[in-house]
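Coordinate-derived values only; no laboratory data. What you see is a predicted model; the values in this text were computed from it and never measured. Positions of Cβ are generated from backbone atoms using ideal geometry, with glycine treated the same way; all protein chains shown enter the neighbour counts.
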Amino acid sequence: MLGAASVALTTSSASMLTSCSSACKKEQIPSTPLRLSFQEHTAPGDSLNERFDFMENLGIVGFEPGGRNLANRVGEFQQALSGRNIKLSAICAGFGGFILAEDPKVKAEFDATMRDIIAAAGELGSTGVIMVPVFNWQAPSLPHTLDTRQYLCEQMHELGEYALKHNTTVILEPLNRKEAHYLRQVADAAAICRDSKSAGVKCMGDFWHMQEETSDYAAFMAAGKEYLQHVHVASRGRRIMPGEDGELDNYVEGFRALKQLEYPHYVSFECGTKGDRTQTVTAAVELLRSQWEQA
Ligand code: MG
């Protein structure tokens, strides 16, 4: 038989359990925010500041400029971003040459220009510099062999270590087979990250190029938190604003993976538009936010 004190204790424990269980439940639900980013000409506007105003009004928190001439634009970007709730996300390529070039001069051009961009990216606090090992149109390139893969991993290691010294990373981007047969899937890029043995080598997924994948969810999960550093988004039929290709523009499975991974980086627009930019950009942001909620 329970005494009055025991009953009081039992009642109080029960209410503590109730309040703990609702608080704990809330803690268990991942509340990963969707951090959206725009490239330099995604938002309408005649100047960087006009575009940043538009972005801030929409709650866009990332900015992904191209890497060309980046060292000379560091001050301009720092000034335009000062006092705003927008940070540099990734830097999109912009280097000369390519890493798998057969011609030593073309490879040397890549090494020099890529390192300049990495150093500037670090100054700007960027999450990394996006690169493609070789596009289909780039020739002559090293053959698609085991030796070339080993060489790529060694070269990526050096680049990754250089990036770490500048507090940033290099991000491998897989493309669809029409643009780059060499590296097409997110899991393959992640395996190159692993085999490069440098924490400065990362990868990304681009929803447009991910037509190569059998599953958006599996692709992001294969890269996981360790390697997935950036995401690009576009409509899935014509690479315009998400939503402009109607039913095709479904990102829910990919977003589910990002939420489960508690993905801390950006989902960045890389696309054009067929409509009025002010309207299509705004509608695209609404669509992505609603699909993030569904995921
Ligand atoms: Mg892309």
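Of the residues Ala189, Ala223, Ala199, Ala218, the single one that is under 26 Å from Asp147 (Cβ atoms) and more than 16 Å from the ligand (Cβ to nearest atom) is Ala199.
From the list Gly94, Gly128, the lone residue that is within 22 Å of His209 (Cβ to Cβ) and in contact with a His (Cβ under 9 Å, 6 or more places away or on another chain) is Gly128.
Could you list, in sequence order, the residues of region 113-132 that are closer than 26 Å to Glu102 by Cβ and within 14 Å of the ligand (Cβ to nearest atom)? Those that are closer than 26 Å to Glu102 by Cβ and within 14 Å of the ligand (Cβ to nearest atom): Val129, Ile130, Met131, Val132. Among the residues of region 126-141, which ones are more than 15 Å from Met156 (Cα to Cα) and surrounded by 13 or more Cβ atoms within 10 Å (Cβ to Cβ)? Listed by number, the residues that qualify are Ser126, Thr127, Phe135, Asn136, Gln138, Ser141.
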